[in-house]
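The structure appears right after this line, and notes come after that.
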Amino acid sequence: MTSTIIVEKAPHLRRKDSLARMLIDVLIALAPTAVFAVVVYGFDAVRNLGVSWATMVLAEFVFVLIQNRIKYDGTKHSFKEQIKAGVSGYSINNLLAPSISAVIFALIMPARLDPYYLIYPALIAGSLFGIVIGKLVFGGNGSNIFNPAAVGMVFAKLCFGSHYVYNSRSFYVTTGGTPLTNAITEVSGLNSLTGKWTGIESVPLANLFFGQVGGTIGEAFKITILIGMAYLLIRKAADWRIIASYLGTFIVVMSLAGAIICTRENLSFFRFLAFQLLSGGMLFGLAFMLTDPVTSPINSPSRFIYGAFAAAVTCIIRLFGALPEGMVYSILLGNLIAPALDYYKWSSSRWNRRYVIILCCVIGVALLATGLGLGFGGEVVA
Amino acid sequence: MISKATHIADTKGLLGMLPTIEAPSPDYLFIATENARCSKSEIFIKEGDHVYLGQTIGMRHGAFFDQPIHTTCSGTFVGIEKHYHRSGKLVPCLKFLNDHLDEWDPSLKPRTQEEIDALTKEDYVEILKNVASVGLGGSSFPTYVKFQGKHEIKTILVNAIECEPYVSADHRLMLEKPEDVIEGCKLLQKAFQCTDVRICLKSKYHDLIEVYTEILKRHHGSGITICRVGNFYPQGWEIAMIKAATGIEVETRHLPGEYGIANFNVSTVAALVQAIKYNRPVIERLVSVTGDGIRYPSNFKIRIGTQLAALIDMCGGFNDDGKEKVVILGGPMMGASVPSIDCIVSKTVTSCIILNAEAPKEEPCIRCGSCVLSCPTHLEPQQIMAAVKANDKERIKALKPLTCIECGLCTYVCTSKIRVTDFIRRAKVIAKLP
């Protein structure tokens, strides 16, 4: 009877689970894609991963030092004491969380820039901007509004976009540009909204699925991404609601677009749908970036709406936008509306009429825009 | 992990198989003069007086009712000592020297069958008031209040779900005293003039279901049936139970009586037999002592007023592994943790659970949403927590924390190990302010 008794408030049981476990799960899910990137791109991928990892982890470490510094209390503390106090607040999660952001960021960057040395400033600037402006200024882990990797990628693309090249492959066949840009630009002269898709016939679907196309280093090979997504779902580190509603809305809107386009142009409907599902960074962004719980809403109906909204934005950018690829913008816009969906005046953890109306509106507007845009704009030169 | 809490791992399966040990009545017994619902009391006896078993020796005064205090042994009143109570407070306790004769108070006369048959609902109220019958599931809500309702009762539900992990007192009672339970149900049928009695059981308890299917064959046509309900926590919460058993959803701030439903805990029903037939108060109850911090987990039948230290001694004491222990009276999800084992077992203590203390480090919330998915009252615990941190009264009120039943699931599931329930408790206090 030597044990001491302590008092605590109910409940006294905890689920066998931890934040570190969830973060490690995401890293494990990303591992196949990262390994594949290293196999295919060799040193380029190692450099992408290494530079962004070092930058982000270092930035987070400095942030922890600042956050846990000894507050001014009248006495002077030596630099050594300050460092000691800062390091005492450093936990395993301060290492894991920026590692995830860094791996995602590295995988959505291209392998080379032209001229080649520009990749270093692009990686450092992108990852630094992503972690500092995307996450740390909001208060670090769990407080960010935007996905740090997406913020970094957009920043890097804004600064260095004109130098991006997607044609460096040491493995498999080499094609220039991503299939989305390619398919659209190859068929010059047919600059209409429906006609621009006729080029997709030249890309075999198997190439898309097995990653034998250009693109950022992580997004091309779909098998590893699907393995990662399945792992996240099995371990419940990602919410199935977001993935289900995203894929559902994406397929519905793209089916409408496919139906219109395929009646006008000489295209197979299923080929169009499969091309949309397999091309670009859509699957990668959906599996690893959109499902990030920190930046998604908290109630389950809002999560359905969030997924549907992101899918609608992706579809509209792909069909009508000036950019070939809309995934990263749809993630950021989805992050932006997440707090609005959870605003306390109307938030509820159960489905109610308001949520149903919002979901119908999101899908309805996307369908209407697609139908009207393609229906009337089909022959108009964009 | 982003998921709803469905199953809470526990040791109940094991403990539920162990037979109940009849603990010998100890030499000294303690009765608290105050409890959570009654803060004042008066005592009718003085030091050195001889008392009988079941004698009324005092009166507790609560906010809206009085509750008599009964002895649980025959012997001598020694004096008043201070001991911990289930609520975690140090309260004055009446100390009795047990003479081990167990002489019942001669004024408590058993009733004949004819007398019992002639009892009306008002008589039940009077009898239950006099024997201080309360909800023995842990709520200590006075039972007679449920008999005072004006509404016509169409269904009586007997709550034998015992959804808290670790606890197995009701399970043993159901197995060992099925006739008491059935008799109690029949008394309820008479009192409420209602034949539809449903005994709600977890569908995973095949042993209980088999026993009761067999027993109920002997009471064919009595209207008592078994109702299998879900295996999850908090299925034993009355609103969840009523929904599972009858399909009726009781709105917040409404009583089950308004929907024609009366619900009782199974130990209360079994104790009803003693009260009505013999006019006796509850003097014994089943208590399970378990947890990973105790050497030999066991089920006991003990005298009310036994000291907790004696119970722990009977289980072989704590595991001497040098770890800090948490001593919980009641279930591990909602029970109170007491600061010392110098504590008395009152009649609403269903179990004593000794756990090795673990205080995981709190991480920042990552909004995984498990608390929102798990909440049985469909609140948004994470949002309430954020509102409490921001000290935003308007937002707290809009999120309706007062419907919270403090089941503790939000803390249980939290990926970041935040004690979310504590924030909800604070929100409830703030929301009550004008």
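The values are calculated or read from the model by the stated rules, or taken from the named source; none is laboratory data. Predicted, not measured: the structure shown is a model, and the values here were computed from it. Cβ atoms come from the backbone with ideal geometry, glycine included; neighbour counts cover every protein chain shown.
Kindly provide the set of residues from the range A:264-302 that are more than 20 Å from A:Pro204 (Cα to Cα) and either at pLDDT below 85 or in a loop (DSSP other than H, G, I, E, B) (or both), ordered by number.
A:Arg264, A:Thr291, A:Asp292, A:Ser296, A:Pro297, A:Ile298, A:Asn299
Testing B:Lys89 on (1) away from chain A (no Cβ under 14 Å); (2) surrounded by fewer than 19 Cβ atoms within 10 Å (Cβ to Cβ), one condition comes back false. Which one is that?
For B:Lys89, the exception is condition (1).
Does the range A:8-29 hold any residues that are in contact with an Asp or Glu (Cβ under 9 Å, 6 or more places away or on another chain) and in contact (Cβ under 8 Å) with a residue 12 or more places away in the chain, and which are they?
A:Leu19, A:Ala20, A:Val26
All but one of (1) modelled with pLDDT under 95; (2) under 18 Å from A:Ser143 (Cβ atoms) hold for B:Val388, so report the exception by its number.
(1)
If you check A:Ile83, A:Ile66, A:Ile70, A:Ile24, which single one turns out to be modelled with pLDDT under 90 and part of a helix (DSSP H, G or I)?
From the options A:Ile83, A:Ile66, A:Ile70, A:Ile24, the qualifying one is A:Ile83.
Confirm whether B:Ala431 is more than 12 Å from chain A (Cβ to nearest Cβ) and more than 20 Å from A:Pro11 (Cα to Cα).
For B:Ala431, the condition - more than 12 Å from chain A (Cβ to nearest Cβ) and more than 20 Å from A:Pro11 (Cα to Cα) - is met.
Please tell me if B:Arg86 is at pLDDT below 90, in contact with a Leu (Cβ under 6 Å, 6 or more places away or on another chain) and of a type outside the set (Asp, Glu).
yes
Assigned to a helix (DSSP H, G or I), within 14 Å of chain B (Cβ to nearest Cβ) and surrounded by fewer than 24 Cβ atoms within 10 Å (Cβ to Cβ): does that describe A:Val313?
Considered against the rule, which asks whether it is assigned to a helix (DSSP H, G or I), within 14 Å of chain B (Cβ to nearest Cβ) and surrounded by fewer than 24 Cβ atoms within 10 Å (Cβ to Cβ), A:Val313 comes out as no.
From B:Ile21, B:Ile31, B:Ile43, grab the single residue that is modelled with pLDDT of 85 or more and buried (at least 19 other Cβ atoms within 10 Å of the Cβ).
On inspection, the qualifying residue turns out to be B:Ile31.
Looking at A:Val35 and the list (1) within 14 Å of chain B (Cβ to nearest Cβ); (2) in a helix (DSSP H, G or I), which single condition is not satisfied?
Condition not satisfied by A:Val35: (1).
Could you grab the pairs with beta carbons closer than 9 Å, sequence gap of 6+ or different chains, first residue in the range B:37-64 and within 19 Å of B:Gly79 (Cβ to Cβ) and basic (Lys, Arg), second one surrounded by fewer than 17 Cβ atoms within 10 Å (Cβ to Cβ) and modelled with pLDDT under 85?
As it stands, the answer is B:Arg60/B:Ser39; B:Arg60/B:Lys40; B:Arg60/B:Asp66, since those pairs meet every condition given.
Which of the residues that make up the range B:268-282 are within 17 Å of B:Ala191 (Cα to Cα) and under 14 Å from the mean Cα position of the chain (by Cα)?
Selection gives B:Thr268, B:Val269, B:Ala270, B:Ala271.
Among the residues of the range A:337-366, which ones are part of a helix (DSSP H, G or I) and within 30 Å of B:Cys404 (Cα to Cα)?
Residues satisfying the conditions are A:Ile337, A:Ala338, A:Pro339, A:Ala340, A:Leu341, A:Arg353, A:Arg354, A:Tyr355, A:Val356, A:Ile357, A:Ile358, A:Leu359.
Step by step: first the residues of the range A:193-222, then only those that are surrounded by fewer than 18 Cβ atoms within 10 Å (Cβ to Cβ) and in contact (Cβ under 8 Å) with a residue 40 or more places away in the chain, then the one that is nearest to the chain's Cα centre (by Cα). Which residue is that?
Selected residue: A:Phe209.
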